[in-house]
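The values are calculated or read from the model by the stated rules, or taken from the named source; none is laboratory data. Note that this is a predicted model, so its numbers are computed, not measured. Heads up, the Cβs are rebuilt from the backbone with ideal geometry, glycines too, and the neighbour counts pull from every protein chain shown. These area figures cover heavy atoms from the full protein model, side chains too; ligands, DNA and RNA do not enter into them. Shrake-Rupley method; radii C 1.70, N 1.55, O 1.52, S 1.80 Å.
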Amino acid sequence: MRAINIRPGRGTALVLGLLPFAALAVAYLAGSALRLAENPSDKLLPALTTLAASIDLLAFTPDRRTGDYLLWADTAASLTRLAWGLGIAASLALVLGLLAGVLPVMRALLAPFVAFVSMVPPLALLPILFIVMGLGETSKIALIVIGITPILIRDLMLTATALPREMIVKAETLSASSWLIALRVVLPQVMPRLIDSLRLQIGPAFLFLIAAEAISSDAGLGYRIFLVRRYLAMEVIFPYVAWITLLAVLLDLALSSLRRRMFPWAEVGR
Amino acid sequence: MTALSISHLWKEYGDQIVLEDVSIDIGPRSFVALVGPSGCGKTTFLRLLLGQETPSRGRILIDGQPLPPEPGPDRGVVYQRYSVFPHLTVLGNVMLGPEMRASRFLGRRFGAARRALADEARAMLAEVGLAGSEQKYPAQLSGGMQQRLALAQALMMRPRVLLLDEPFGALDPGIRADIHALMRRLWNEVPMTVVMVTHDLREAFTLASRVVVFERPRDRPEERDRYGARLSRDIVIWPPRLAGRTTPYDTDRMPGRDDPTPDAAAAGTTRQAEGRTHASSPQP
């Protein structure tokens, strides 16, 4: 039988999916045990007990100086910035993407500029943002917005212009104005794509967030990682990286289920 | 009085001439089928009637008035694909036009107005044989049902002219026969003029009251750009097929079908029975 025709059953698929995770865990444990056997004060791959103690200290013990639970305080600070960034970017992209997608005049006005701006490396703008907007929250949120909005706009514009011309003409014969075509024909059909697009931009959004927090902040997941880096505190960095990853995955799943719930019609054709 | 009057119509794209000096008068309530080889400008002609494109020369009058330069609610359209909106339910699709016409800002109606409109939409859906599918999305319907939905959606606007661009081209023969019966009945009952592009001659002669042939008189490869298509034949069906009446040759039973379904089932509604009694009664 050809390899392309061998399909795993549900159980097999689950086991196969878990296999790389298990391999990673085993590799870590083995590496850690080997290094610690050689040098008990090795910091690079801490043992599970060290990690657990560190997680307990970070997540379930109040900080001695501030009285906060560090992990939760950092998470709240970072997620607030991320939510503002993603929210502003999505709203801007929706308005501009729709305008450019529906009106040829707006497309002529915006498309070249957005294409140009989307090529600016956002991290290169970070010093400018810090100088102009100060070291507070604004500049960090601005970096996320600048980083992901142009791509969202271009994606929405492409989705809107890719709608069949027949559909737009049909709406015109149903007495729709330009506004009503945007509101009742184009907007509902680009919304699922906006959510998918946002899902793809969660990774870059975290990248910009952590970059901004690494340089100047007093709380946040990125701030903590870069703070303890000086002490080679891998027992803090590893749990934080895992936690950030988990947050991103959960955000992705939440957006995906939101899309399924809000736009059931988009699932029918899949 | 003519519904559509087209005189000396030319359509050029840059150097390429697509339609050349096309003149035709289309009477009210007629059913005109446009046929011809592929790439001869039938669809371009239909787009000109729709207002989706503007003629290079010549003019189009609708009920004596110049055609508006963009599509509008007086001309309905059904395409072979993409005629219905995938994000709306069947009922939502049919209600969309009247909703947008009545509510210019939100494009939605609420309360009693909405309920009245929904009832009207349900009646229209029953008319085209889609009763019971109101809450489905178009992607859950078969191709034939999607085209029925597209017809219902267009007819809700009570267009003076209905333009059909190979609407039944992608359907298999059995389904096509059913929808032909529906199309004929709608044309008989709804006061509208129908212009249909088709490449199926049999379909043209089954449905239309008049068959118009587009052809390029000069079709050698080196001539193709500089000479467009003209009307080469204009065939009025004999005996005349008039909206609301039948000729002895009209039958909804498709000859050659192995299992002719009963007429009522063919049209997909129970109203067929009334339609036939009316049609077979002697004309004044």
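Yes/no matrix, rows are residues, columns are (1) touching a His at 6+ places or on another chain (Cβ under 6 Å); (2) open to solvent by less than 30 Å² (accessible area, probe 1.4 Å); (3) away from chain A (no Cβ under 13 Å); (4) part of a helix (DSSP H, G or I):
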position	(1), (2), (3), (4)
B:PHE85	no, yes, no, no
B:LEU96	no, yes, no, yes
B:GLU99	no, yes, no, yes
B:ARG109	no, no, no, no
B:ARG115	no, no, yes, yes
B:ARG122	no, no, yes, yes
Which one of these is within 25 Å of B:GLN146 (Cα to Cα) and part of a strand (DSSP E or B): B:LEU34, B:LEU61, B:LEU9, B:LEU46? B:LEU34
Criterion first (open to solvent by 30 Å² or more (accessible area, probe 1.4 Å), assigned by TED's automatic domain parsing to the domain that holds B:LEU49 and within 13 Å of the chain's Cα centre (by Cα)) does B:GLU189 satisfy it? no
Can you name the helices (runs of 4 or more DSSP H) wholly within the stretch A:152-262 that have at least 1 residues being more than 14 Å from chain B (Cβ to nearest Cβ), surrounded by 17 or more Cβ atoms within 10 Å (Cβ to Cβ) and at pLDDT below 95? A:187-215, A:221-228, A:234-262
For the stretch A:80-99, indicate whether the set of residues that are open to solvent by 70 Å² or more (accessible area, probe 1.4 Å) and in contact with a Phe, Trp or Tyr (Cβ under 8 Å, 6 or more places away or on another chain) is non-empty. no
Please verify whether A:ILE148 is touching a residue at least 40 places away in the same chain (Cβ under 8 Å), crowded, with 19+ Cβ neighbours inside 10 Å and either part of a helix (DSSP H, G or I) or in contact with a strand residue (DSSP E or B) (Cβ under 9 Å, 6 or more places away or on another chain) (or both), treating the condition exactly as stated. yes
Just one listed residue, out of B:LEU130, B:LEU171, B:LEU151, is in contact (Cβ under 8 Å) with a residue 12 or more places away in the chain and not in a loop (DSSP other than H, G, I, E, B), and it is B:LEU151
Restricting attention to helices (runs of 4 or more DSSP H) lying wholly within the stretch B:178-284, give those where 3 or more residues are at pLDDT 60 or above. B:201-207
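For (1) loosely packed, with under 10 Cβ neighbours inside 10 Å; (2) modelled with pLDDT under 90, each residue gets a yes or a no:
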{"position": "A:ALA3", "(1), (2)": "yes, no"}
{"position": "A:GLY11", "(1), (2)": "yes, no"}
{"position": "A:GLY17", "(1), (2)": "no, no"}
{"position": "A:PHE21", "(1), (2)": "yes, no"}
{"position": "A:ALA33", "(1), (2)": "no, no"}
{"position": "A:PRO40", "(1), (2)": "yes, yes"}
{"position": "A:LYS43", "(1), (2)": "no, yes"}
Based on this model, can you work out whether B:ALA150 counts as outside the structural domain of B:PHE45 (by TED's automatic domain parsing), buried (at least 24 other Cβ atoms within 10 Å of the Cβ) and at pLDDT 90 or above? yes
Pick from B:ASP21, B:ASP74, B:ASP15, B:ASP25: which is within 16 Å of the chain's Cα centre (by Cα) and of a type in the set (Asp, Glu)? B:ASP74
Counted residues, the stretch B:129-162 - those being of a type in the set (A, V, I, L, M, F, W, C) and under 30 Å from B:ASP25 (Cβ atoms): 9
